[in-house]
Structures are given as structure tokens and as C-alpha cells.
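See below for the structure under consideration.
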Amino acid sequence: MKPTTRAVHEDRPTAIDLFSGCGGLTLGLKQGGFEVIGAVDNDPLSIETYKANHKDVTVWPTDIRELKPAQIQSTLNLEPGDLDLLAGCSPCQGFSTMRTLNGALRVDDPRNDLLLEVLRFVDALRPKAVMIENVPGLADDESFQVFCGRMENGGYHGDQDVLNAAEYGVPQRRKRLIYIAGLEIKIPFAEPVQDTLTVRDAIGDLPEPGESGDPIHDLPEKRTPRVMQLIQRIPQDGGSRTDLPVQFQLDCHKRCNGFKDVYGRMAWSEVSPTITSGCFNPSKGRFLHPEANRAITMREAALLQGFPGDYKFPKATSKSSLAMMIGNALPPAFIAAHAKVIHDTLKDSGGATNRD
Ligand SMILES: C[S@@+](CC[C@H](N)C(=O)[O-])C[C@H]1O[C@@H](n2cnc3c(N)ncnc32)[C@H](O)[C@@H]1O
């Protein structure tokens, strides 16, 4: 007889989220029709956030290198082949273009090896499908070649593409590598959606921060008078520091011709730039509000990632910790589009748990 853990999710295909962070990927999988039954992450703040929003999921708050697939299998009562989708996004920092420009060698970053941890779970669980997301730089990394080769040897038909989340109903330009593999079947990528969402669609209706009652919208920001003067002069709705006469520019900007987006404002009628872990700081990119003389708030960052307005984040924490979680998250709508195609393909092939 099947124990309760299996019985409750017999009507929907199941998924496990490795490196679950604050839950962007999990939310997208749920929106795409999956029941997420397990998640793994080792960051306490991410786990707190994840649990606040996904109470129904069994979470392993641990270093993935210390977690045995057998532990997941026995807790969730999963035999090899039971699981429909294993999905995950290992830390991206080691593969990012930014780090390469700064001179760091991607292949030497120990975080890159975490991708290969996924293979232990693939070997044991034998899921019907596997989805991996990361920055485009992953494609050039040795660990990804090893990963793809091992997947192929294991009977998976995998494919990869670099896609822009903005084409999948996310109000943000965010190019990411997606790898999707099916066990003995090919699974296509989702087609882009027709409508583009803009910055105005995502954050145009929010009250000004301060007394909104939303703790992550109301976190104060401090800037030096010199930086405040600069921000006030940046033209509204898409303006840049390069629009200013030279006497109003910061000395460091006069000396440097690169990073033109820093201290730029977002434009109401466009998608936002990529929301990163530096999105609370206008010196890290185009993170100024289209009109207000401030950086975007953490609620605005979450909305630009496509989290719903009532997604819970810890109240008593710093902007930088929130930005780290939110900037590292996967936009749920982007994942939902691909999850739906995986769901439908598995169902059509007769393989998915879903029999509806
Ligand atoms: C790119 S983020 C994942 C984002 C997440 N999928 C989302 O959509 O919100 C990578 C995650 O890997 C976690 N991580 C890093 N090293 C880990 C390890 N050794 N074991 C488990 N999780 C780890 C980090 O805490 C971070 O939350």
C-alpha cells in the first residue's frame, strides 16, 4: 500500500527542486501544473522564505553534497522512475560573464561542480524529465559538457537554448540557458508569448515606499548628498548618467567609459534590465525607479521578477540579503511556460503521473 506522501499527489505530475532558493522555480513549476514534493537548499534565509510560501513541500535544509538520494526516496516513498521532473538551478556566480570580465576563471570556481551533484539524483531517481537553468556562460563551462555527456549516456535526450524571460511574460530582460531532457523522449522548449509586460505593468500601481505597510517595500535607503544630487538630475523614464553635462557626473564616471547603465533609470514602457543581487544599489546597474529619486525597492524587484505581490519575504532582514535571494531567483512565469510544455509532452507520451 502506498503511504500518504504518494497518495496526496497522484492526480498531478511530481517535481523536485534542487537549489530551491526563495522558491521562484518552485512557483513556476506549480503554475505549470506540477506538484512540487521536495526541495533542497543550504541558505537559512532562503529556506525561511521558501517555507513561508510553500508549506506543502518537504524541504531538506542542507548542503546538497551531504544529501543522499536515498533519503529523499525513503521520505517521499519514490521508486526509481516515479518522479516526473527533477529541476534545479545551481549557483550561477561561477559561470557569469561579469566574473570573467573581472578576470576570474570560471572553471576554478568550486560552485561550478555543484551542477554535477544533480547527476547523483538523476541516477538514483531516474526522473522522466530534467530541467536545468543557469546563466548563458554555463554553456562554455567544462562541467556542463560533462553533465550533458552523462545525461546522454543515461538515456536522456537533452537540448539547450538561451532564451529571454521577457518573451515569456516576464517584465524583465533576462537571458538564461535552459536545458531540458526527457528520458527516451525529446521535449521541446515553450514558444514565446505574444504580449510583453512592461515596468509600468509590474510596479506602476505601487504606493511610494515609507508607509505602505509592506516591510520589504518600506526599507529605507541612504545615499550621500553628492549621489542624491546625481540621482535627482537623471532624466525621468529611462534617463542615464550619460545624459548629464559632464560637470554633473561623478569623478569616477568621467574616468570610466564603461558600465553606462549604472545610475540609469528604468523606462515605464519597456521591460526592466536583469534584476541581479545588486539591484538595491544604483551603482550596480540601471536600478533607479523611472520617476522617484531612489533605487527600486525589494518589493518592486520581486514584482519585476514576476513574483506575486503577496509573496512573503522575511521582515527583519537587510536589503542586500533580500536582493541576493530575489536576484538569484528564476522568474516563475518563464519556468511555468516550460513546465507546461514538459507536463503536456510527458502526458502525450503516456509517461506522466497525470492522468486527467
Ligand atoms: C541560483 S540560486 C537558486 C534560485 C532558485 N531556484 C529560485 O528560483 O529561487 C542557487 C541556490 O543554491 C543554493 N546553494 C548554494 N550552494 C549550495 C549547496 N552546497 N547545497 C545546497 N544549496 C546550495 C543557494 O543557497 C541558492 O539559493
Residue list for segment 200-222, restricted to those being surrounded by 15 or more Cβ atoms within 10 Å (Cβ to Cβ) and in contact with a Leu (Cβ under 9 Å, 6 or more places away or on another chain): ALA202, ILE203, LEU206, PRO209, ASP214, ILE216, HIS217, LEU219
Provide a single number: the residues in segment 151-188 that are more than 27 Å from GLY306 (Cβ to Cβ) and not in a strand (DSSP E or B). 8
It is to be established whether one or more residues within segment 334-344 are aromatic (Phe, Trp, Tyr), within 16 Å of the ligand (Cβ to nearest atom) and surrounded by fewer than 24 Cβ atoms within 10 Å (Cβ to Cβ). no
Which one of the conditions (1) surrounded by fewer than 24 Cβ atoms within 10 Å (Cβ to Cβ); (2) at pLDDT 95 or above does VAL36 fail to meet, given that it meets all the rest? (1)
For ALA190, only one of the following conditions fails: (1) touching a residue at least 40 places away in the same chain (Cβ under 8 Å); (2) outside the structural domain of ASN153 (by TED's automatic domain parsing); (3) touching a Leu at 6+ places or on another chain (Cβ under 9 Å). What is its number? (2)
Within segment 199-235, can you find the residues that are without any contact (Cβ under 8 Å) to a residue 60 or more places away in the chain and hydrophobic (A, V, I, L, M, F, W, C)? VAL227, LEU230, ILE234
Positions within segment 289-322 being under 19 Å from LEU45 (Cα atoms), of a type in the set (A, V, I, L, M) and surrounded by fewer than 24 Cβ atoms within 10 Å (Cβ to Cβ), in sequence order: ALA316
Which condition from (1) closer than 22 Å to GLY306 by Cβ; (2) among the aliphatic types (A, V, I, L, M); (3) within 11 Å of the ligand (Cβ to nearest atom) is the one that VAL40 breaks? (1)
Flag for LEU138 being at pLDDT below 95 and in contact with a helix residue (DSSP H, G or I) (Cβ under 6 Å, 6 or more places away or on another chain): yes
Would you check if there is a residue in segment 83-97 being away from the ligand (no atom under 15 Å from the Cβ), at pLDDT 95 or above and either part of a strand (DSSP E or B) or closer than 22 Å to ASP141 by Cα (or both)? no
Checked PHE334, PHE307 against criteria (closer than 24 Å to GLU167 by Cα and part of a helix (DSSP H, G or I)); the one match is PHE334
Residues of segment 19-33 being crowded, with 19+ Cβ neighbours inside 10 Å, more than 9 Å from the ligand (Cβ to nearest atom) and assigned to a helix (DSSP H, G or I), which ones? LEU29, LYS30
Selected residue (criterion: modelled with the lowest pLDDT) from residues of segment 98-128 that are assigned to a loop (DSSP other than H, G, I, E, B) and crowded, with 16+ Cβ neighbours inside 10 Å: ASP109
Could you tell me which residue of segment 47-74 is farthest from the ligand (Cβ to nearest atom), considering only residues that are among the β-branched types (Val, Ile, Thr) and out of contact with any strand residue (DSSP E or B) (no Cβ under 6 Å at 6 or more places or on another chain)? THR49
Cβ pairs under 9 Å, 6+ apart or interchain, first in segment 271-294 and over 15 Å from ASP237 (Cβ atoms) and assigned by TED's automatic domain parsing to the domain that holds GLN172, second surrounded by 19 or more Cβ atoms within 10 Å (Cβ to Cβ) and not aliphatic (A, V, I, L, M), ordered by first then second residue, are none
Some residue of segment 1-18 being more than 15 Å from VAL130 (Cα to Cα), away from the ligand (no atom under 12 Å from the Cβ), modelled with pLDDT of 95 or more and assigned to a helix (DSSP H, G or I): no
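The values are calculated or read from the model by the stated rules, or taken from the named source; none is laboratory data. Not measured: the values here are computed from a predicted model. When we count neighbours, we look across all protein chains shown, and the Cβ atoms used for this are built from the backbone with ideal geometry, even at glycine.
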